[in-house]
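Visitor: Could you have a look at this structure, given as structure tokens, before my questions?
The values are calculated or read from the model by the stated rules, or taken from the named source; none is laboratory data. As the structure is a computational prediction, the values presented were derived from the model and not from experiment. Because the Cβ atoms are built from the backbone with ideal geometry, glycine has one as well, and the counts that use them run over all protein chains shown. Each accessible area value is taken on the protein alone, full model and side chains, heavy atoms only, with ligands, DNA and RNA left out. Shrake-Rupley method; radii C 1.70, N 1.55, O 1.52, S 1.80 Å.
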Amino acid sequence: MAMAWIWTGMVAAAVACGLLNGTIGAVGSAAMEGAAAAVELCLSMAGIMCLWNGVMSIMKASGLMDGLSRLFRPVLSRLLPRACADPETLAALSGNVSANLLGLGNAATPLGIQAARRMAAGCGGRASDELCTLVVLNTASIQLLPTTVAGVRAALGARSAFDILPAVWLASVLSVTAGLLAARIFSRLWRR
């Protein structure tokens, strides 16, 4: 609801500035051009998102997701030991990490929400340290293939949409490391 008010306020401010400066025609033109560009970008990205969401569905149906779950179990059980004790939560966590590795934030979000709901069930209305760690892992995820960003780059005419891989790998590893360290430090400070 807050975002609706923020967007409404921004539109109202733009219209008011356009009226005061006598450039309301330019404001209207910019709004129409922006809306057209947004629709064009969404349509060009739809194919890429469908492809990778289909890949995730195939991974789940073929049992590859279960294999990834076993592969991620040592790391996830060290980071989230209580959550990994529940097989359904572990499956959702593994799917979330897998989708984030492929750069599919849209596919990762429902799995992250499912894992967070299961983890929050025993918290009594307060976020546990593990739940906060999950939020950090989901927000600052390591991406091996930044498919969404590459899709945006391809839609906007980049010659090589994946030439950003080394920068993405470095940035994502650093962000996850910094996030996990901050979560660990804050959880210890909070206990005191």
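Visitor: If the only charges are +1 at each Lys and Arg Cβ and -1 at each Asp and Glu Cβ, what is the size of the charge dipole of region 1-132 around the Cα centre, to the nearest 20 debye? Don't skip to the end; give the middle numbers.
Guide: Working: 8 positive and 7 negative charges, 95 e Å.
It comes to approximately 460 debye.
Visitor: In angstroms, what radius of gyration and Dmax does region 134-192 have, counting Cα atoms only?
Guide: 15.3, 53
Visitor: I've got another one for you. At 1.4 Å probe size, what's the solvent-accessible area of Asp86? Round to the nearest 10 Å².
Guide: 50
Visitor: Find the relative contact order for the chain and round it to a whole percent, using C-alpha pairs within less than 8 Å whose residues are 6+ positions apart.
Guide: Working: 163 pairs, mean separation 33.9, N = 192.
Over the chain, the number comes to 18 percent.
Visitor: By per-residue mean of other Cβ atoms within 10 Å, what is the highest-first order of 57-65, 30-38?
Guide: 57-65, 30-38
Visitor: What is the percent carbon and sulfur in the accessible area of the chain, measuring with a 1.4 Å probe over the protein chains and ignoring ligands? Walk me through the intermediate numbers first.
Guide: On the way: 8470 of 12180 Å².
Answer for the chain is 70 percent, counting heavy atoms of protein chains only.
Visitor: Still on this structure, please answer the following. Per residue of the chain, what 222 nm ellipticity follows from adding -39500 (n - 2.57) for every DSSP H run with n ≥ 4, rounded to the nearest 500?
Guide: -27000 deg cm²/dmol
Visitor: Just want the answer: with Cβ charges of +1 for Lys and Arg and -1 for Asp and Glu, which residue in Asn106, Ser94, Leu79 is farthest toward the dipole's positive end in the chain?
Guide: The listed residue farthest towards the positive side: Leu79.
Visitor: Restricting everything to alpha-carbon atoms, can you work out Rg to Rh for the chain with a Kirkwood hydrodynamic radius?
Guide: Values: Rg = 20.7 Å, Rh = 19.3 Å.
We get a ratio of 1.07 for the chain.
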